[in-house]
Amino acid sequence: MLAELDSLHTSLNQRVAAATEELRARNEQLVSSYESVLQLRETAARAEQLAAVGQTMANVAHQIGTPLNLVSGHVQLLKQAVVDPSLQRRLIIVQEQIRARDIDGAGLA
């Protein structure tokens, strides 16, 4: 009977050790999953910040583009009314600079 109890004790210890090892492995998986979730949250937060910055920049570009469009219209009217070639060249330069800003600003309007 003592041998039987010893055998049962050994068997139980082995089962406890196996269950403990299984729990340890699952705990490591949980920690790894938790770390992945934290990293994904940080990435999502950075993406949201970048999206907000992009939206702000689009708004700024629009706010700048509106007066530039108005200036461009007046430059076109002045070009039609001015006869002096020197002033014509200057107005062409102004118009080209406005267009360049429009292109650089990704289509300000």
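The values are calculated or read from the model by the stated rules, or taken from the named source; none is laboratory data. Since this is a predicted model, take the numbers as computed values, not measurements. All Cβ positions, glycine included, derive from the backbone under ideal geometry; neighbour counts span all protein chains shown. To get the accessible areas, we keep the full protein, side chains included, count just its heavy atoms, and leave off ligands, DNA and RNA. Shrake-Rupley method; radii C 1.70, N 1.55, O 1.52, S 1.80 Å.
Across the options Q55, H74, S86, the greatest Cα extent toward the positive end of the charge dipole of the chain (unit charges at beta carbon of Lys, Arg, Asp, Glu) belongs to S86. Does anyone have the angle between helix 2-81 and the longest principal axis of the chain? Alpha-carbon axes, 0 to 90°, nearest 10? Approximately 0 degrees, to the nearest ten. Which of these values of Rg and Dmax of the Cα atoms in Å was calculated from the structure shown: [x] 36.4, 121; [y] 14.0, 41; [z] 25.0, 92? Label of the calculated value: [x]. Using only side-chain charges placed at the Cβ, +1 for Lys and Arg and -1 for Asp and Glu, the dipole size of the chain relative to its Cα centre rounds to 920 debye. In the chain, the longest principal axis of the Cα atoms and the axis of helix 85-104 are about 10 degrees apart. In the context of the full set of protein chains, the chain has a per residue accessible area of 84 Å² (1.4 Å probe). Taking 30 Å as R0, compute the FRET efficiency from the Cβ-Cβ separation of K79 and M57 and round it to 0.05. Using R0 = 30 Å, I get an efficiency of 0.45. Taking Cβ atoms as reference points and 14 Å as the exclusive limit, the residues near Q14 contribute a net charge of -2, counting Lys and Arg as +1 and Asp and Glu as -1. Working from label points 7 Å from Cα in the Cα-to-Cβ sense, the E28 to I92 distance is 7.5 nm. Of all the accessible heavy-atom surface of the chain, with the other protein chains kept in place and a 1.4 Å probe, what percent is carbon and sulfur? Carbon with sulfur: 61 percent of the solvent-accessible area.
Taking A45, A58, A25 in turn, the Gaussian network model of the chain (Cα-Cα springs below 10 Å) assigns the largest fluctuation to A25.
Modelled spin-label separation between L70 and R15, with each label point placed 7 Å from Cα along the Cα-to-Cβ direction: 8.5 nm.
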